[in-house]
Ligand code: BGC
């Protein structure tokens, strides 16, 4: 795609397609590439600039695609390589870029390399591409160290010949050994494979986890400042090499890192000019609906990014965390658990959460930088918190010994149209359509795209209007903001030229600033006052 003056990734609105739940084109109850292609007109009319697509590669689906068996093949569940190529091309004709996920920390245990490693036995060159070690204890029956898997239980599994292999996630996701040159060469080749097919960038899964301390020390004996597997300095060498690969291709190919770091400074290190382009701003996602905390995180974001010249990203939801309409509807005592999911306190007040989600949409879309929209947030979908245990599929549920219900509640299929579940998710089939992979709530008829289209009060029309204005208004997108004086509980900032965003997070009405007129508001503005949990975009 042609390069404009400022690279697209500095200000893009990137829509996250969780492929298995977006749209089912072939009627098997699972979303697929055919479904995405059929919904490109919807995405175009919504006004998004790019799609981040969760892993679509060949995979046994032990972690819904984050266990990749072949990085150059599409899983038959989702379609074919030819369909992926057609999607990339069609999206480009709509002016929409495509950013697939890449999963470099681990492969599937069904990947050719891992099968070869098992077959070849201890000490073989094949095993050296993964992290195999003898066990501890007299018979080697104890794991090589005390590391735990993010999904519960030890991070080690023993194979029949007695060796153990490392997996920071499920046992079906063996960690690759990034100290091995084959691993570097293979991933650079995979990047090229997809860049040549026209993808505009990659979302890098677990970008902070690739390099392990070669001594594999117990966490209990941790010495020095660096963690033995998270966010080690050596990881940046990998991304410097990846950046060079991306820069070989025309059209501003860009990376976004999923990197969890202890401090904003450590995150900035991923975004140096010769490293990755952007990273998810999880601090913002994890901040409660509170003016003081949000302002602090916004300011910290800019001071952190200012040191490296990278643009901000704003993200409220994704496929790993509770949907924000439900989060904001709680006086949350929050807790982040092993798999990064959000454990809420008490039931959600969805009316409140939805009001806040509307205001939050205007806040994030007015901030300088890029924005991620997780599929369904534009429909105001809440977390589905009452999925019966019998349908839960996230491996977190099993691996946590049924103590953590996992992330299925934010992954329920998108409701498109009609009066009955699954609301047009799968095509109508007179012979009977397969049930969707997760059940869709019976009361979602008013939440469908069809029901919300044309309803000026709907979440969908708010997103459409905001995205349209964002594209047209010269003040929005990249660049800077200036905070305006405002009482506690109010966030008010100006962007040039002539644009003001005001968000009321207090419990009182707030009078709009003098000499402004509303461009867009998250709710009806009465007597020039913003109600609590309301936001407005204003012209000066
Ligand atoms: C992805 C998760 C996945 C994990 C392991 C995460 O960061 O977002 O969905 O389970 O990586 O690949």
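The values are calculated or read from the model by the stated rules, or taken from the named source; none is laboratory data. Since we're looking at a predicted model, the values are computed, not measured. Cβ sites come from the backbone with ideal geometry, for glycine too, and all protein chains shown count toward neighbours.
Details
- The residues of segment 327-382 that are modelled with pLDDT under 95 and within 16 Å of the ligand (Cβ to nearest atom), listed by number, are 336, 337, 338, 339, 340, 341, 342.
- If you go through segment 403-415 and keep only what is away from the ligand (no atom under 16 Å from the Cβ) and surrounded by fewer than 22 Cβ atoms within 10 Å (Cβ to Cβ), you end up with just 403.
- Taking the criterion of being under 21 Å from the mean Cα position of the chain (by Cα) and in a helix (DSSP H, G or I), the residues of segment 386-416 that qualify are 395, 396, 397, 408, 409, 410.
- Residue list for segment 168-215, filter: within 21 Å of the chain's Cα centre (by Cα), within 16 Å of the ligand (Cβ to nearest atom) and part of a loop (DSSP other than H, G, I, E, B): 168, 169, 170, 173, 205, 206, 207, 208, 209, 210
- Scanning segment 48-78 for residues that are touching a residue at least 60 places away in the same chain (Cβ under 8 Å) and surrounded by 19 or more Cβ atoms within 10 Å (Cβ to Cβ) yields a count of 10.
- Checking residue 419 against (1) out of contact with any strand residue (DSSP E or B) (no Cβ under 6 Å at 6 or more places or on another chain); (2) farther than 21 Å from residue 18 by Cβ; (3) outside any loop (DSSP other than H, G, I, E, B), the condition it does not meet: (3)
- Here residue 178 qualifies as modelled with pLDDT of 95 or more and buried (at least 20 other Cβ atoms within 10 Å of the Cβ).
- Output for segment 237-264, where each listed residue is under 21 Å from the mean Cα position of the chain (by Cα) and either within 16 Å of the ligand (Cβ to nearest atom) or farther than 19 Å from residue 99 by Cα (or both): 255, 256, 257, 258, 259, 260, 261, 262, 263, 264
- Residues (touching a residue at least 60 places away in the same chain (Cβ under 8 Å) and surrounded by fewer than 18 Cβ atoms within 10 Å (Cβ to Cβ)) located in segment 371-402: 393, 401
- Evaluation of residue 95 against (1) surrounded by fewer than 20 Cβ atoms within 10 Å (Cβ to Cβ); (2) farther than 25 Å from residue 276 by Cα; (3) more than 16 Å from the ligand (Cβ to nearest atom); (4) touching a residue at least 24 places away in the same chain (Cβ under 8 Å) (one fails), failing number: (2)
- Verdict on residue 144 being more than 22 Å from residue 59 (Cβ to Cβ), more than 16 Å from the ligand (Cβ to nearest atom) and within 27 Å of the chain's Cα centre (by Cα): no
- Here residue 104 clears all of (1) outside any loop (DSSP other than H, G, I, E, B); (2) within 15 Å of the ligand (Cβ to nearest atom) except the condition numbered (1).
- Scan segment 360-374 for residues that are more than 12 Å from residue 324 (Cα to Cα) and in contact with a strand residue (DSSP E or B) (Cβ under 7 Å, 6 or more places away or on another chain) and the total you get is 10.
- Evaluation of residue 113 against (1) touching a helix residue (DSSP H, G or I) at 6+ places or on another chain (Cβ under 6 Å); (2) assigned to a helix (DSSP H, G or I); (3) closer than 25 Å to residue 425 by Cβ (one fails), failing number: (3)
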